[in-house]
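Engineer: This is the structure, below, for whatever I ask next.
The values are calculated or read from the model by the stated rules, or taken from the named source; none is laboratory data. Only a predicted model underlies this, so the values are computations on that prediction, with no experimental measurement involved. Because the Cβ atoms are built from the backbone with ideal geometry, glycine has one as well, and the counts that use them run over all protein chains shown. Just the protein is used for accessible areas: all its heavy atoms, side chains included, with ligands, DNA and RNA removed. Shrake-Rupley method; radii C 1.70, N 1.55, O 1.52, S 1.80 Å.
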Amino acid sequence: MGEREGDFAAVWPGLVNAEGKRWHYLDTAATAQKPQSVIDAMVRAMGADYATVHRGVYSRSAEMTLAYESARRTVAALIGGAEHELVFTRGATEAINLVAQSWGVANLKPGDRVLLSQLEHHSNIVPWQLIRAHTGLEIDVCPLTEDGQIDLDAAERMLTPAHKLVAFAHVSNVLGSVLDAPRAVALAHAVGARILLDGCQAAARLPVDVAALGCDFYVFSAHKLYGPTGIGALWARAELLDAMPPWQGGGSMIDRVTFAETTWAPAPQRFEAGTPAIVEAIAFGAAADFLTGAGLDAIHAHEARLVAKARDALLRINTVRLFGPQDSAGIVSFALEGVHPHDLGTILDEENVAIRAGHHCAQPLMEHLGVPATARASFGIYSDESDVAALVRGIERTLRIFG
């Protein structure tokens, strides 16, 4: 987004290969490359600034604690939340499991229902299945519209007072379709249900304001938004967090321990047992700062232009089948007639182009689409028209090879 070519490698060291050529990285939906500012923050935190947090009485520990909690404020602010509402987790997957194992086990009972959608990532399906045997909950699945949106008209018809939770992806990791989140929140609340939004693909692509949305839980991961792996976040409304029991036990999440009884620290510390991912949290904060500086409105507009260009180019290839809506957010999924996505991905790799090929942890969606897998090109802040052109050239070469 506007870097001069000479600056590109300095800002994005992971996007230049050993020969000094730009790598056409189109797998940002899986994991985003890291800007140098995030790498530098992580190196400083691991090296010159390193100490433990919350426990040490020496000055560097106090300084590191301030930096860790400052990162919490920064990450919370990225999505319009407050620091006391944000729990650091190992990722969005753990965040959903935390909600399921804590709020879900405490609040769901036999006969209660959870509404998911046809396009959910496995991480927003399996945790609810895991607690089904303990809670007696029933799982319903909302269908999709023809262009791959969650069908909220159908959701409105399906929802009843028996539904206690709606859990939807804010942006599909396969189709790039964007949920009408305000309407989804209103529909859930109309029947007294809580709503969880999986924001993994949304938080790095769209402006998000959880307070304005009125949702109850929002989850996302750092590595999707140009930060490190191994850390993510659960945002939840304060009154919900305060009422939720801890999921894991250990140091830092307690008030007082005796062999007879233990009392808990307040949220969010109650849900952060053990020594936290200190370095990763600080780098998470740096990634949030990077996104805020770049401007999520500008990022969304940039990716929308590339999606439109890519879809237009792919539509000109007769053997390509496109999935998802025309206005998908940063993601284009497709299939090439007669070519398995894995074969396409291998040939594109020879052309210095990286895509994702497979079921994308969304096997129920693949079954709905009638394919075993798709090819997926996903854009980021560093993507440009040369990436689209390289993708198209690689597809044309693949078609020549397969004759």
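Engineer: Test His223 against the stated conditions and say whether it is in a helix (DSSP H, G or I), open to solvent by 20 Å² or more (accessible area, probe 1.4 Å) and under 19 Å from Thr31 (Cα atoms).
Structural biologist: Criteria met by His223.
Engineer: A further question follows. Regarding the stretch 86-98, can at least one residue be identified that is of a type in the set (Lys, Arg), in contact with a Leu (Cβ under 8 Å, 6 or more places away or on another chain) and modelled with pLDDT of 95 or more?
Structural biologist: Looking through the stretch 86-98, none of the residues is of a type in the set (Lys, Arg), in contact with a Leu (Cβ under 8 Å, 6 or more places away or on another chain) and modelled with pLDDT of 95 or more.
Engineer: Only one of Leu322, Leu348 is open to solvent by less than 20 Å² (accessible area, probe 1.4 Å), under 22 Å from Arg393 (Cα atoms) and not in a loop (DSSP other than H, G, I, E, B); which? Write out each step before concluding.
Structural biologist: Working: Leu322 fails: open to solvent by less than 20 Å² (accessible area, probe 1.4 Å).
From the options Leu322, Leu348, the qualifying one is Leu348.
Engineer: Looking at the stretch 269-290 only, could you name the residues that are open to solvent by less than 40 Å² (accessible area, probe 1.4 Å), touching a Gly at 6+ places or on another chain (Cβ under 9 Å) and in a helix (DSSP H, G or I)?
Structural biologist: Ala283, Phe284, Gly285, Ala286, Ala287, Ala288 - these are the residues of the stretch 269-290 that are open to solvent by less than 40 Å² (accessible area, probe 1.4 Å), touching a Gly at 6+ places or on another chain (Cβ under 9 Å) and in a helix (DSSP H, G or I).
Per-residue answers, yes or no, for (1) within 29 Å of Lys164 (Cβ to Cβ); (2) out of contact with any His (no Cβ under 9 Å at 6 or more places or on another chain):
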site: Thr229; (1), (2): no, no
site: Pro245; (1), (2): yes, yes
site: Gly249; (1), (2): yes, yes
site: Glu261; (1), (2): no, yes
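Engineer: Here's something else I'd like to know. Within the stretch 303-311, identify whether any single residue is surrounded by 23 or more Cβ atoms within 10 Å (Cβ to Cβ), free of Cβ contacts under 8 Å to residues at least 60 places away in the same chain, under 23 Å from the mean Cα position of the chain (by Cα) and not in a loop (DSSP other than H, G, I, E, B), and answer yes or no.
Structural biologist: No, the stretch 303-311 contains no residue that is surrounded by 23 or more Cβ atoms within 10 Å (Cβ to Cβ), free of Cβ contacts under 8 Å to residues at least 60 places away in the same chain, under 23 Å from the mean Cα position of the chain (by Cα) and not in a loop (DSSP other than H, G, I, E, B).
Engineer: Restricting attention to the stretch 126-146, which residues are open to solvent by less than 70 Å² (accessible area, probe 1.4 Å), over 15 Å from Asp112 (Cα atoms) and part of a loop (DSSP other than H, G, I, E, B)?
Structural biologist: If the condition is that a residue be open to solvent by less than 70 Å² (accessible area, probe 1.4 Å), over 15 Å from Asp112 (Cα atoms) and part of a loop (DSSP other than H, G, I, E, B), then Pro143, Thr145 are the ones that fit.
Engineer: Among the numbered conditions (1) among the small types (Gly, Ala, Ser); (2) assigned to a helix (DSSP H, G or I); (3) open to solvent by 30 Å² or more (accessible area, probe 1.4 Å); (4) more than 28 Å from Thr65 (Cβ to Cβ), tell me where Ala260 comes up short.
Structural biologist: (2)
Engineer: With acidic (Asp, Glu), in contact (Cβ under 8 Å) with a residue 12 or more places away in the chain and over 16 Å from Ser177 (Cα atoms) as the only criterion, which of Asp327, Asp343 stands out?
Structural biologist: Going through Asp327, Asp343 in turn, just one is acidic (Asp, Glu), in contact (Cβ under 8 Å) with a residue 12 or more places away in the chain and over 16 Å from Ser177 (Cα atoms): Asp343.
Engineer: Name every residue in the stretch 109-122 that is within 25 Å of Asp327 (Cβ to Cβ) and open to solvent by 10 Å² or more (accessible area, probe 1.4 Å), in order of residue number.
Structural biologist: Residues satisfying the conditions are Gln118, His121.
Engineer: Report every pair of residues separated by at least 6 positions or lying on different chains whose Cβ atoms are under 8 Å apart, first residue within the stretch 386-402 and farther than 12 Å from Ile317 by Cβ, second among the basic types (Lys, Arg).
Structural biologist: Between residues of the stretch 386-402 that are farther than 12 Å from Ile317 by Cβ and residues that are among the basic types (Lys, Arg), the close pairs are Ser386/Arg22; Val388/Lys309.
Engineer: Please determine, by comparing only the residues of the stretch 367-378 that are buried (at least 18 other Cβ atoms within 10 Å of the Cβ) and in contact with a His (Cβ under 8 Å, 6 or more places away or on another chain), which one is nearest to His300 (Cα to Cα).
Structural biologist: Selected residue: Arg376.
Engineer: I need a count of the residues in the stretch 111-133 that are out of contact with any Asp or Glu (no Cβ under 9 Å at 6 or more places or on another chain) and either farther than 21 Å from Asp151 by Cβ or of a type in the set (Lys, Arg) (or both).
Structural biologist: Qualifying residue count, the stretch 111-133: 6.
Engineer: Here is a follow-up. Between residues in the stretch 250-264 that are among the charged types (D, E, K, R) and residues that are open to solvent by 60 Å² or more (accessible area, probe 1.4 Å), which pairs lie under 8 Å by C-beta distance while being six or more apart or on different chains?
Structural biologist: Asp255/Trp264
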